[in-house]
1. Nothing charged except the Cβ atoms of Lys and Arg (+1) and of Asp and Glu (-1): what's the magnitude of the dipole of segment 5-208 about its Cα centre? Round to the nearest 20 debye.
2. Could you work out the relative contact order of segment 76-222? I mean the mean sequence separation of Cα pairs under 8 Å and 6+ apart, divided by the number of residues, in percent.
3. For Cα pairs less than 8 Å apart in space and 6+ apart in sequence, what is the mean separation divided by the residue count of segment 323-425, i.e. the relative contact order in percent?
4. For segment 79-206, count all C-alpha to C-alpha pairs, find those more than 25 Å apart, and express that count as a whole percent of the total.
5. List the aspartates and glutamates whose Cα sits under 17 Å from the Cα of Lys173, skipping any in the same chain fewer than 8 residues away.
6. Net charge around Ile151, counting only other residues with Cβ within less than 14 Å of its Cβ (Lys, Arg = +1; Asp, Glu = -1)?
7. Using the structure shown, select from Lys257/Lys289; Lys43/Lys120; Lys313/Lys374; Lys313/Lys430 the pairs with a Cα to Cα distance greater than 24 angstrom.
8. Quick one: net charge of Ile115's neighbours, Cβ under 11 Å, K/R +1, D/E -1?
Amino acid sequence: MKAGIARKLMNTYITIIATVAISGLFALYVLAVNVRTNRDIQKVSIPSLECLKDMRSTMQEIRKLANSWVYLANHKDQERLMQLMSIEYPQLDNDIKTTSASWSYRQELNLLNEIRRNNKIALDSIRQITTLLAQPENYLDDNRADRAAAINTNINKLISENDKRFVNLIDIKKQHLGQQQEHTSTLLYILSFVTLLSIVTVTLASYLSLRYSRKNIIRPLLALNKTILDLSAGSISITKPSVRTDEIGQMENAVNKMMQGILQKVEFAGQLGSGNYNADFHLLSEQDKLGLALIAMRDDLRRAHTELTEQDKQLLDAQKLARIGNYFYDLRTGEFQSSATLNDILGIDETTPMLHIDWKDHILNEFHADIAEKAVMAIKQKATFTASYLIRRYNDGKECWVNTISQYIYNNDDRAIAMYGTMQDITESKLLELELNNSYTMAREQNNRLLNFSYIVSHNLRMHTVNIHSLLDLIDEAETEQESKEFLGYLRMSSDQLEETLQQLNEVVAMRNTVDLVVEPIPLKAAIDHTMDLLKTRISEKDARIMNNVPADLCINYNPGYLNSILLNFISNAIKYSHPDRQPIITLDCIKQNPAVENGGYVLSITDNGLGIDLKTNGDKLFGMYKTFHGNKDAKGLGLFMTRYQVEAMEGRIEVESTVNAGTTFKIYIR
């Protein structure tokens, strides 16, 4: 840089950083020395001194016990002596060997080696004495006693010499320890001086730098900052050119030039904002990127304006063609804004008051609850609101189907305050959809009727076939002509019943092309008796007891074919799945669902004492097609499926209660 502000500040910062760095490095060095010295004292010097003292005391005790034992045999002293020699001293010797590995003075190591060597000799000599005086009678041998006394004298001499060496070694260790502490203290004093000198240097340099910065940098920068803040607030003011040649002066002149350029760009942008896309602008330089961007924006706006005008026309035509309009609805004020196409859809013209509008005014009542529920859900989940419904046009009252897709606008409290979206007239497609749905419903109902008819044919004819087959077997097995005539009578009766069933099936076939079932008043008790006649052979084979408790005058409106199939299915199942250990008892009752209602429906209950059904295991598949539950080879799994369909086709329902090995109750609700 041409001016000297940056260089002066840089020199000041370098001085401060260098001073701090030197002080810091020296402080780290002193800290490292102090840590190392403390670690050496704690882990080497002090443990070594303690170990030397313990070894000295141990050797003194060994000498005392050796002297006592040599001249007077004592088993207790001998045990203590052996413990010291074989356990405690080796441990102390190993400890001092470990700590001495970190000693740095040769004199200390030499003394320690002499002590350990003499201690070893003394301990070996004591072991010689133990060998000489191993038995009490050895003390009576003068030769052995004299030799032991001589060895003991040498032991005392060695231990006494080592005692002096211990004292000397401990003194040397203490002296070296003091030297280490003194060296550390000296470094700390030097560190204190260096730190103080650094503080003074940094403080003085910072003070001088602060004074210089305040006068030549801070105050000019504050003035320049105010100018820039005013610019950010939209206030543009031109100041006099600065006479300074340093960096601050260059910045002031640059900001002043920038102000002039911004004023020119503001005027040009104002022209563009007013829609004058032919306004001209002179660049400050070839590097004037903002000016180039404004010129490019002008050209883009000019082109976009032309395209947008054309697109607006095309969009309006497309909306009219697709019958789609858009709107904005303020939920707080009720203000409603809509496009021209939407006005046409809603039947809004110049006579319609649009300042406030209520959505309930034009949406049919049957859709209010559904729309309100969807609106609450969309607001709660902040999701898109979609709905199709019928509206009543404002100007002519005609009804038409519309589909709306909307989005809500929320305030800071997450409360919906407005909504916007599109609305499309879908009357033609909706009417076509409804027509198709009606056709599909009719076709499905007819298909279900045909399917049910096939089930009835399969089930009912199969029942008559089984009955006739059983009667033929009985005729073959008849022992007298009277029995044969009786069975032939039953066979003729079964033939008549088969013909009746075929007649009913013909009636079902005749109505297969209609959606509504033909119903007629039917005496329920008589219908049950008729079913019992159909099953007379099976009832006789099982010795079943059927109790028909239905009142004789009770009539129900039902399809005869369906009722016959339902009764035949439930009663035959009750006989088929009777319990092998007791007589089958089947009870049929019928009561009103609601006695207070004159034309209310009935509940027909059929109860048996048979095998029962495990509803926990099979309850969800009880009425499924081809579902069987007792392993009967003759079971096809169609009866209950077909029966439920027939009951539901007559707008009823079936309930079941059952206990395994106790029996089952089916309740058939009849409208």
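Readers should treat all values here as calculations from the given coordinates under stated rules, not as data from a laboratory. Just so we're clear, the structure is a prediction, and the values are computed from it rather than from any experiment. Note that we place each Cβ from the backbone using ideal geometry, even for glycine, and neighbour counts take in every protein chain shown.
1. Charge dipole of segment 5-208: 880 debye, to the nearest 20.
2. Working: 44 pairs, mean separation 30.1, N = 147.
RCO, segment 76-222: 20 percent.
3. Details: 193 pairs, mean separation 33.0, N = 103.
Relative contact order of segment 323-425: 32 percent.
4. Every Cα pair in segment 79-206 considered, those over 25 Å come to 52 percent.
5. Straight-distance partners of Lys173: Asp40, Glu50, Asp54, Asp95, Glu108, Glu114, Asp163, Glu182.
6. On the way: positive: Arg63, Arg127, Arg144, Arg147, Lys157; negative: Asp124, Asp146.
That works out to +3.
7. Numbers: Lys257/Lys289 15 Å; Lys43/Lys120 26 Å; Lys313/Lys374 34 Å; Lys313/Lys430 29 Å.
Cα-Cα > 24 Å for Lys43/Lys120; Lys313/Lys374; Lys313/Lys430; rest within.
8. Working: positive: Arg56, Arg116, Arg117, Lys120, Lys164, Arg165; negative: Asp93, Glu108, Glu114, Glu161, Asp163.
Once all neighbours under 11 Å are counted, the net charge is +1.
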